[in-house]
Amino acid sequence: MLNQSAIGRLSRRLSTHLINGSFLGPRSLVAQPNLLRVPLPLKPSSLRFSSTTGAGSSSSSTPGNNGDSSEKKKAADDDDDSNVFLDNLGKIFGLCILSIVLMVVRSSRGSTNRGNIRDEIEDTAVLDPVEIEDMRSLNEEFSADLFRKVVGEVYSKFPEECTYKEFLSTTMSTLRKATKDPTFSIQVGHNIDRVVFSLPQYHDEKTYPNSLFLTVLTMAVYSTVNDRIKLIFEIAARQSNASSAKVSERATAEIVQHLADTCQLPAENQVIEVGSPYPVQQYERATGEQMVRCVRKPYKDKSPEVTYAAVGGEGEDVDFEQWEKIMKSRLGPCPWGECYVGFRRFT
């Protein structure tokens, strides 16, 4: 057994070696079995503890790391989504400008096509509206009642057709007899001659429907628009051999065609759309039948009865009230260009 002094020396020596970090020499405690063995910290235990602690900390930190990764990925996705627009902003702007340019070009070409047809109609017209108005104002004595007498006399002599010479002779004899003036004549009547002579394939010996010559003659009647519309309605009723209450759609279309052929319809109302509107809308000159059906087709946003109640269904006979609305429609014939008031558009 060691005494107290030996134990004290041994402790001081051990402390010195531990502080200096050196190993014991040959005369160390390991070589001296009789010396007191002081336990040192075991490295394996500390390593296991450190390993366990590290694993725990690693495992405990995994959820946090996963959460951070998800947030970063989401932020990256958000950045990518926003960049799709920002990165292509120039292309999008360019496409918008190109679309606007194409729409302007398309609209311009469509308007040009429509204008070309309208100009062609105006250029081929024998009379202009001013000349027609002047002729009407110069024939104050040629009233609607006198015109009706001419209509009755013409149909009594020629049930359906006649030549222009026959029509002219009957008209003048009837007017002079009715006015009791052997010198009575239609002022600037040569304008009527000009219109008749300009008809397609005109010939003095060729017969034409009575309704055509009578429609030309309405240009000289001194009366209101409503009176002239009534007169041509009566002509259509006689031509179709119908009652005075209604006329057929076919007779209506024929009268409208006569008005177009004799320069009594505005050029604008005779132009209609044809074909597909893409890439550019095309136009053509409408026939009398097309102009009538344009007015009579069903109202787009409402039931067909809305339009049919006003101007009759397609193919149906029309009474005077419906006839008047067809004639006064801005989408329809609009004879003499004096009916751009008081009628609702049907399309």
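Identify the residue in region 230-258 that is surrounded by fewer than 21 Cβ atoms within 10 Å (Cβ to Cβ) and aliphatic (A, V, I, L, M) and, among all such residues, is nearest to Arg296 (Cα to Cα).
Here the residue is Ala253.
In region 132-142, what count of residues is obtained for those that are assigned to a loop (DSSP other than H, G, I, E, B) and either surrounded by fewer than 16 Cβ atoms within 10 Å (Cβ to Cβ) or in contact with a strand residue (DSSP E or B) (Cβ under 9 Å, 6 or more places away or on another chain) (or both)?
Initial filter on region 132-142 (assigned to a loop (DSSP other than H, G, I, E, B)): 138-142.
Applying the additional criterion that residues be either surrounded by fewer than 16 Cβ atoms within 10 Å (Cβ to Cβ) or in contact with a strand residue (DSSP E or B) (Cβ under 9 Å, 6 or more places away or on another chain) (or both) yields 138, 140-141.
Final tally of qualifying residues: 3.
Being out of contact with any Phe, Trp or Tyr (no Cβ under 7 Å at 6 or more places or on another chain) and not polar (S, T, N, Q): is that true of Ala220 here?
Values: out of contact with any Phe, Trp or Tyr (no Cβ under 7 Å at 6 or more places or on another chain): no; not polar (S, T, N, Q): yes.
No: the conditions fail for Ala220.
Can you work out which of the residues in region 319-345 that are part of a loop (DSSP other than H, G, I, E, B), surrounded by 21 or more Cβ atoms within 10 Å (Cβ to Cβ) and touching a Lys or Arg at 6+ places or on another chain (Cβ under 9 Å) is modelled with the highest pLDDT?
Step one: filter region 319-345 for residues part of a loop (DSSP other than H, G, I, E, B), giving 329-334, 338-345.
From the residues that got through so far, the ones that are surrounded by 21 or more Cβ atoms within 10 Å (Cβ to Cβ) too are 329, 332-334, 339.
Adding the requirement that they be touching a Lys or Arg at 6+ places or on another chain (Cβ under 9 Å) leaves 329, 332, 334, 339.
On the way: Ser329: 80, Gly332: 80, Cys334: 87, Cys339: 62.
Among residues in region 319-345 that are part of a loop (DSSP other than H, G, I, E, B), surrounded by 21 or more Cβ atoms within 10 Å (Cβ to Cβ) and touching a Lys or Arg at 6+ places or on another chain (Cβ under 9 Å), the one modelled with the highest pLDDT is Cys334.
Does Glu122 fit the bill of being part of a helix (DSSP H, G or I), loosely packed, with under 15 Cβ neighbours inside 10 Å and in contact with a helix residue (DSSP H, G or I) (Cβ under 9 Å, 6 or more places away or on another chain)?
On the way: part of a helix (DSSP H, G or I): yes; loosely packed, with under 15 Cβ neighbours inside 10 Å: yes; in contact with a helix residue (DSSP H, G or I) (Cβ under 9 Å, 6 or more places away or on another chain): yes.
Considered against the rule, which asks whether it is part of a helix (DSSP H, G or I), loosely packed, with under 15 Cβ neighbours inside 10 Å and in contact with a helix residue (DSSP H, G or I) (Cβ under 9 Å, 6 or more places away or on another chain), Glu122 comes out as yes.
Is it the case that some residue within region 151-162 is surrounded by fewer than 15 Cβ atoms within 10 Å (Cβ to Cβ), under 48 Å from the mean Cα position of the chain (by Cα) and over 20 Å from Ser223 (Cβ atoms)?
yes
Only one residue in Lys177, Lys149, Lys165 is assigned to a helix (DSSP H, G or I), among the basic types (Lys, Arg), in the same structural domain as Ala260 (by TED's automatic domain parsing) and within 25 Å of Tyr202 (Cα to Cα), so which one is that? Let's see the steps before the verdict.
Details: Lys177 fails: within 25 Å of Tyr202 (Cα to Cα); Lys149 fails: within 25 Å of Tyr202 (Cα to Cα).
Result of the check over Lys177, Lys149, Lys165: Lys165.
The values are calculated or read from the model by the stated rules, or taken from the named source; none is laboratory data. Model, not experiment: these values are computed from the prediction. All Cβ positions, even for glycine, are placed from backbone atoms using ideal geometry, and neighbour counts span all protein chains on display.
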